[in-house]
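Notes to accompany the following structure.
The values are calculated or read from the model by the stated rules, or taken from the named source; none is laboratory data. Every value quoted in this text rests on a predicted model; they were computed, and no experiment measured them. Please note: Cβ atoms are built from the backbone with ideal geometry, for glycine as well, and neighbour counts cover all protein chains shown. Side chains included, ligands, DNA and RNA excluded: accessible areas come from the protein's heavy atoms. Shrake-Rupley method; radii C 1.70, N 1.55, O 1.52, S 1.80 Å.
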Amino acid sequence: MTDAVRWLAPSAAARRNVWLACLIALTALLVLGNLANDATLDLKYGWDARVNCAAVEAHVEGRDPYFVKNLKGTKLSYPYLPVTLDVFRPLCAGGALVEHYRGIFVVLAVLCGLLLPGLGRAPSSARDVALRVLCALGAFVGFEWVVASGNFAILSGLLTAIALKLLLRPLPSEASKDQGFSWRLAGAALLGLVTSFKLVFFPVLAALYFLPLPRGRKLALIAVAAFSFGVPILISKLLYPDLFASWQLAMAGQIPGQHVVDLLEANPSLLLLVLSVMDHAGIGGGKPALFAAYALAALALVLVPFALSVLRAVGSRPVGEGGSLPMRLDRWLMDHPRVAMRITVLAMFALYLSSPRLKEYAFFELALYAAILVVDLPAMALAGILTVGLAFPSLISLLGAPFEGSFILLVIALVCFWIVLLDFRAEPKRLEQD
């Protein structure tokens, strides 16, 4: 009888989850159909790839790439640090990237999904890997914006996936602890390097504190990541002084008559949402009032609920153990390593989502954080994420409704964040019990 139960149990579970399998299949069809539909449109995409490679070409020819007049075939400005001009040179050599970036970007996006780590004890199943790849390609239609614009966020996403693979490694045995920490140091350095591409995402590095490690090691990881963040800036300032001065002028909007990369440039971020609400309400007060309202919105909608959820989980530890709150947090995280890594990724999701400049293509990297979290969700929560975060935006895009200039993606991402957060609040230790 026991053998029979063991034989029949997977089939019974499979029958119960037929609806979820159908939902996953439908979501995959919508995501892939949306990407295929974009590929058939007779529109000139890939403007960011052309800008980046035009800047590299201008630099090679001795022209200042931060002046748009020196860039061929574009009116957009180059936003990255001077050191990236030489880093991107091999990518732009021969013009292959500009001509074939669509196929290249699809391969890189799939590679991101394959590289993302799991939080489970056992190796990832085919289902988990497929879900991560699906999220990388379709969550928040972030990849659609990346492939449409040809934005180099695909490169930062690939490096982020590698960094997370190194940081979220299973805890090693006593004999290999030093080696495991060395890999985590490499992951922290790589994550810091990624945030130097887009400076506004630097706060994501603070999430490393939630890793299940002694406090000294966690602070060392944060220090290494912060140092790695500063290295490209320092190199650009020391080795490219003239270009660094031009980069500063371009970022400050002090080069007249050209496109400016501005914090308040149209994008679906919490900062712009707050600005829109204040404008509709007729509330003035200038930038100090705007940033104060933005900080309150980020705290109320994302950061404080996350912090309270973590404290609530830590509060389940017996009070008699004593110690300060940071010490209790450190002990709790080390006692629950899989949950700690889940909290780490959730913290990265929260901090990235709270960024003051969250362009549509940046939702691709946000999707990578979500992809790690969704595979371990129970059926109903996973169905909610698939419906709200993947199927719904893909359907809207297929129908031709505009995303640009609206806050649809931000609202979708906030709903998905709350689905994952409420699941954590309901069962904070579920991963340890699986």
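Summary table below
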{"read-out": "Selection status of Gly142, open to solvent by less than 30 Å² (accessible area, probe 1.4 Å), out of contact with any Phe, Trp or Tyr (no Cβ under 8 Å at 6 or more places or on another chain) and not polar (S, T, N, Q)", "value": "no"}
{"read-out": "Matching helices (runs of 4 or more DSSP H) fully within the range 66-173 where at least 1 residues are acidic (Asp, Glu)", "value": "83-87, 96-115, 126-138, 142-149"}
{"read-out": "The range 92-115 residues that are more than 17 Å from Leu158 (Cβ to Cβ), paired with ones that are open to solvent by 30 Å² or more (accessible area, probe 1.4 Å) and in a helix (DSSP H, G or I) (beta carbon under 6 Å, 6 or more apart)", "value": "Val98/Arg50"}
{"read-out": "Residues within the range 369-380 that are surrounded by 20 or more Cβ atoms within 10 Å (Cβ to Cβ) and hydrophobic (A, V, I, L, M, F, W, C), tallied", "value": "6"}
{"read-out": "Residue match in the range 298-316 (condition: open to solvent by 40 Å² or more (accessible area, probe 1.4 Å) and more than 30 Å from Arg342 (Cβ to Cβ))", "value": "no"}
{"read-out": "Scope the range 225-253; condition more than 23 Å from Lys72 (Cβ to Cβ), open to solvent by 50 Å² or more (accessible area, probe 1.4 Å) and not aromatic (Phe, Trp, Tyr); matching residues", "value": "Leu234, Ile235, Lys237, Leu238, Leu239, Pro241, Gln248, Ala252"}
{"read-out": "Number of positions in the range 44-65 that are among the basic types (Lys, Arg) and buried (at least 21 other Cβ atoms within 10 Å of the Cβ)", "value": "1"}
{"read-out": "Among residues of the range 66-84, those that are open to solvent by less than 50 Å² (accessible area, probe 1.4 Å), within 25 Å of Glu360 (Cβ to Cβ) and either of a type in the set (Ser, Thr, Tyr) or modelled with pLDDT under 95 (or both), counted", "value": "9"}
{"read-out": "Leading residue by the ranking (modelled with the lowest pLDDT) among those in the range 321-358 that are closer than 30 Å to Leu263 by Cα and either open to solvent by 30 Å² or more (accessible area, probe 1.4 Å) or among the polar types (S, T, N, Q) (or both)", "value": "Arg357"}
{"read-out": "Total residues in the range 395-426, condition free of Cβ contacts under 8 Å to residues at least 12 places away in the same chain and not in a helix (DSSP H, G or I)", "value": "4"}
{"read-out": "Scan of the range 256-281 for residues that are farther than 22 Å from Ala362 by Cβ and either touching a Ser or Thr at 6+ places or on another chain (Cβ under 8 Å) or open to solvent by 60 Å² or more (accessible area, probe 1.4 Å) (or both), ordered by number", "value": "Pro256, Gly257, Gln258, Asp279, His280, Ala281"}
{"read-out": "Unique match (being open to solvent by less than 20 Å² (accessible area, probe 1.4 Å), farther than 30 Å from Ala298 by Cβ and not β-branched (Val, Ile, Thr)) among Gly157, Gly180", "value": "Gly180"}
